[in-house]
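A short reminder: the numbers here are calculations on the coordinates, not readings from a lab. These numbers come from a predicted model, not from an experiment. Note: ideal-geometry Cβ built from the backbone for every residue, glycine included; neighbour counts use all protein chains shown.
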Amino acid sequence: MAAATLVAHGERVVIVDWDVHHGNGTQDIFWDDPAVLYVSTHQFPAYPGTGRADEIGGPGARGLTLNFPLPPGATGDVARAAIDDVVAPVVEAFAPTWVLVSAGFDAHRADPLADLAWSAGDYSLLAERVLELAPTTGRTVAFLEGGYDLDALRASTAATVSALAGVPRASEPPTAGGPGRDVAARTAGALNG
Ligand SMILES: [Zn+2]
């Protein structure tokens, strides 16, 4: 609703969806909308089953949907590489006026509903990157979504909010070394193919 309202007022919106589940509804709503760039990292395969790398947007918005399907066990470094290597240059060319974050925390390694291996420290680093995607301060808005281990949710939310406030501190170090090193390259290939 926030994205649609902004677009109705002539704004250009990036939605970064780091919830562990693919945002199939958000993708569907903005699939063919050239004013919205939708970016999702999510476990795959997992519910709801969508979000393959080759889902890149409709004919009116080709390349404005970026999906990064992560294998079970993927660590935070894979998401960071996706942002740095693929998302950042696309966002720069898109020139958004707002950045909205679907900030679910169910990719945390302690979450009982999914099998990714992120930590609070990963959310801190992702939040710092997301801030850099916005055109200026005050144009980044995070919306709380999933997160089903309450200790992990508390730590991850604190890490995200502190990073967004410019005073990053996380109670867990970031993670690296898991599977999925080819994910960013596969999405880049889908965009270029
Ligand atoms: Zn979720």
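Which whole-angstrom value gives the distance between the alpha carbon centres of region 157-193 and region 34-81?
13
Starting from the Cα of Asp182, step 7 Å along the direction of its Cβ; do the same at Ala165; then give the gap between the two resulting points in nm.
4.3
Counting only C-alpha contacts under 8 Å and six or more residues apart, can you give the relative contact order of region 2-192 as a whole percent?
24
Calculate for the chain the 222 nm mean residue ellipticity that helices alone would give, adding -39,500 (n - 2.57) per DSSP H run of length 4 or more and normalising by residue count, nearest 500 deg cm²/dmol.
-10000 deg cm²/dmol
How long are the semi-axes of the equivalent ellipsoid of region 143-193, defined as square roots of 5 times the Cα gyration tensor eigenvalues? Whole Å, largest first.
One finds semi-axes of 28, 14, 13 Å for region 143-193.
If a/c stays under 1.5 just call it rounded; otherwise compare a/b with b/c (prolate if a/b is bigger, oblate if not). Do that for region 1-145, with a ≥ b ≥ c from the square roots of the Cα gyration tensor eigenvalues.
prolate
Describe numerically, in nm with one decimal, the distance between label points set 7 Å from Cα along Cα→Cβ at Ala158 and at Tyr47.
Simple spin-label model gives 2.9 nm for this pair.
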